[in-house]
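Report on one structure; see the data block that follows.
The values are calculated or read from the model by the stated rules, or taken from the named source; none is laboratory data. Quick caveat, the model's predicted, so the values are computed rather than measured. Virtual Cβ from ideal backbone geometry, glycine too; neighbours counted across all protein chains shown.
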Amino acid sequence: MDEKIYWLALNFINISYQKLQKLFNELKNIEEIFKLDTKKLVEFGLSKNIAEKIKRWEELPLKEEIKYIENEGINILTIKDPNYPFLLKEIYDPPILFYFKGNINFNNIIPIAIVGTRTPSVYGIKMAEKFAFELSQFGFTIVSGLARGIDTAAHTGALRANGKTIGIMGSGFKNFYPPENRKLGKDIIKNGAVITEYPSFTLPEKYNFPKRNRIISGLCKGVIIIEAGPKSGALITANFALEQGRDVFALPGRVDTLYSKGTNQLLKEGAILIENTNDILEALNIKVKEQKQTKKKIETLTEEEKLIIKILEQPLNVDEILSISKIEPKILLSLLTQLHMKGLIEELPGKIYRKK
């Protein structure tokens, strides 16, 4: 029998990595676990409840699970697989396996997480997109939780930069959550991955998400918190990051808003204050020659974007840019926003733009 079914069974049963590792230290392969009697399993340190579930493993809905993942093109990566993310394997309680859709080498990326409140301000959304966009251009893979608000903005910023991004779900693939982000999830899969440790038919129960957050931080070199209330799930991610030895970055916010209470508290407790992308690069000791990076950015621009850069050798307002470029107003405003996010132009008072 394909050993995948045994891995899926143990994941359904929710055995911990520590307990599983103890079994592997004594047994030759995963199949032998299911040959042990209840008493022997308990002697290995498993609870009687878990031991009895292992003995009744054939009662689990594994046929339905396998049929679903095969029909949906879902991949399984176990902790014994050489492609399992080495950063995630370092944490105290890594998932014994995870399901994923996408096309990414988890050990050939520079992952960094961006998380925050589900109810952000316009400023929070703007900054989450900006950091994700710029970090993507420096080669980072943006990791977040696919939730509403800051998570969505982070994934979106990475995709706009044609960068890689990974979304971590708190439910199974059958119950994608939140449902309005299905389209975003499909876009992420094209140039990144959506992953979950939960069996496919798992509902998005409230208690799943705090547990999910340890994977967000565990996958990454650092976690950026942008707008988080005093009881925000993003703070749970930050705490996991600290326990896992990851850097925690926080964007300061207004003192009179609830969604800045959490980030400002993190700063009081020693999180790294960030105002721009360079703050993150310096903290992670990543040096990039600005001139070389700017040249690389320009080389990837569309013809319309290159035209705007050429026009803005001198400061011009929107009407003047419209008159010279002949680009449709709506398209021009979008292009100006993108060029500003890429750090190639700057906006001056009075809607005047110039090349940086």
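Within region 312-324, the residues that satisfy the criterion of being part of a helix (DSSP H, G or I) and surrounded by fewer than 18 Cβ atoms within 10 Å (Cβ to Cβ) are 318, 319, 320, 322, 323, 324. Can you find a residue in region 24-37 that is exposed (fewer than 12 other Cβ atoms within 10 Å of the Cβ) and in contact with a helix residue (DSSP H, G or I) (Cβ under 8 Å, 6 or more places away or on another chain)? Within region 24-37 (the criterion being exposed (fewer than 12 other Cβ atoms within 10 Å of the Cβ) and in contact with a helix residue (DSSP H, G or I) (Cβ under 8 Å, 6 or more places away or on another chain)), the answer is yes, since at least one residue qualifies. Residue 270 meets each of the listed conditions (1) part of a helix (DSSP H, G or I); (2) over 18 Å from residue 140 (Cα atoms) apart from (1). Of all residues in region 93-105, those that are at positive phi have Cβ atoms under 6 Å from Cβ atoms of residues that are assigned to a strand (DSSP E or B), 6 or more apart or on another chain, in 102/192; 102/193.
So in region 138-148, with the set limited to residues that are buried (at least 24 other Cβ atoms within 10 Å of the Cβ) and in a loop (DSSP other than H, G, I, E, B), which one is nearest to the chain's Cα centre (by Cα)?
Initially, region 138-148 is screened for residues buried (at least 24 other Cβ atoms within 10 Å of the Cβ), giving 140-147.
Next cut, in a loop (DSSP other than H, G, I, E, B) only: 145-147.
On the way: 145: 6, 146: 8, 147: 10 Å.
Of everything passing the filter in region 138-148, 145 is nearest to the chain's Cα centre (by Cα).
Could you go through region 279-286 and let me know if any residue there is within 29 Å of residue 78 (Cβ to Cβ) and buried (at least 19 other Cβ atoms within 10 Å of the Cβ). Checked against the condition, which is being within 29 Å of residue 78 (Cβ to Cβ) and buried (at least 19 other Cβ atoms within 10 Å of the Cβ), region 279-286 yields no hits at all.
Being touching a Lys or Arg at 6+ places or on another chain (Cβ under 8 Å), among the charged types (D, E, K, R) and in the same structural domain as residue 277 (by TED's automatic domain parsing) is the requirement here; does residue 206 meet it?
The answer is no for residue 206.
Residue 130 meets all of the listed conditions (1) farther than 26 Å from residue 274 by Cα; (2) not in a loop (DSSP other than H, G, I, E, B) but one, namely (1).
Considered as a group, the residues in region 325-339 that are free of Cβ contacts under 8 Å to residues at least 12 places away in the same chain and assigned to a helix (DSSP H, G or I) include one that is nearest to residue 134 (Cα to Cα), and that residue is 337. If the condition is being hydrophobic (A, V, I, L, M, F, W, C) and out of contact with any strand residue (DSSP E or B) (no Cβ under 9 Å at 6 or more places or on another chain), then region 259-288 contributes 281, 288.
Going by what's in this entry, would residue 168 be described as of a type in the set (A, V, I, L, M, F, W, C), within 15 Å of the chain's Cα centre (by Cα) and under 24 Å from residue 10 (Cβ atoms)?
On the way: of a type in the set (A, V, I, L, M, F, W, C): yes; within 15 Å of the chain's Cα centre (by Cα): yes; under 24 Å from residue 10 (Cβ atoms): yes.
Judged against the criteria, residue 168 is a match.
Listed conditions (1) aliphatic (A, V, I, L, M); (2) surrounded by fewer than 18 Cβ atoms within 10 Å (Cβ to Cβ); (3) closer than 19 Å to residue 170 by Cβ are all met by residue 113, apart from (2).
Residues in region 220-231 that are surrounded by fewer than 24 Cβ atoms within 10 Å (Cβ to Cβ) and touching a residue at least 60 places away in the same chain (Cβ under 8 Å) were compared, and the one that is nearest to residue 242 (Cα to Cα) is 222.
Being of a type in the set (S, T, N, Q) and either out of contact with any strand residue (DSSP E or B) (no Cβ under 8 Å at 6 or more places or on another chain) or at positive phi (or both) is the filter here; which residues of region 316-356 pass it? Please lay out each step first, then the result.
Applying the first criterion (of a type in the set (S, T, N, Q)) to region 316-356 yields 317, 323, 325, 334, 337-338.
If the condition is that a residue be of a type in the set (S, T, N, Q) and either out of contact with any strand residue (DSSP E or B) (no Cβ under 8 Å at 6 or more places or on another chain) or at positive phi (or both), then 323, 325, 334, 337, 338 are the ones that fit.
Exactly one condition in (1) under 30 Å from residue 281 (Cβ atoms); (2) outside the structural domain of residue 194 (by TED's automatic domain parsing); (3) touching a strand residue (DSSP E or B) at 6+ places or on another chain (Cβ under 7 Å) is not met by residue 86; state its number. Tallying (1) under 30 Å from residue 281 (Cβ atoms); (2) outside the structural domain of residue 194 (by TED's automatic domain parsing); (3) touching a strand residue (DSSP E or B) at 6+ places or on another chain (Cβ under 7 Å), residue 86 fails exactly one: (3). As a summary of the residue check, residue 67 satisfies the conditions (1) part of a loop (DSSP other than H, G, I, E, B); (2) under 24 Å from residue 190 (Cα atoms); (3) without any contact (Cβ under 8 Å) to a residue 12 or more places away in the chain except for the one numbered (1). Answer yes or no: is there a residue in region 77-99 that is part of a helix (DSSP H, G or I), under 25 Å from residue 184 (Cβ atoms), modelled with pLDDT of 95 or more and touching a Gly at 6+ places or on another chain (Cβ under 9 Å). Yes, region 77-99 contains at least one residue that is part of a helix (DSSP H, G or I), under 25 Å from residue 184 (Cβ atoms), modelled with pLDDT of 95 or more and touching a Gly at 6+ places or on another chain (Cβ under 9 Å). Only one of the numbered conditions (1) modelled with pLDDT of 95 or more; (2) in a loop (DSSP other than H, G, I, E, B) is not met by residue 119, and that is (1).
Out of all the residues in region 1-22, which are in a loop (DSSP other than H, G, I, E, B) and within 18 Å of residue 44 (Cα to Cα)? Working first, answer last.
Residues of region 1-22 that are in a loop (DSSP other than H, G, I, E, B), as a first pass: 1-3, 14-16.
14, 15, 16, listed by residue number.
In region 233-281, the qualifying residues are those that are out of contact with any Asp or Glu (no Cβ under 7 Å at 6 or more places or on another chain) and of a type in the set (Val, Ile, Thr), and the one that is nearest to residue 135 (Cα to Cα) is 280.
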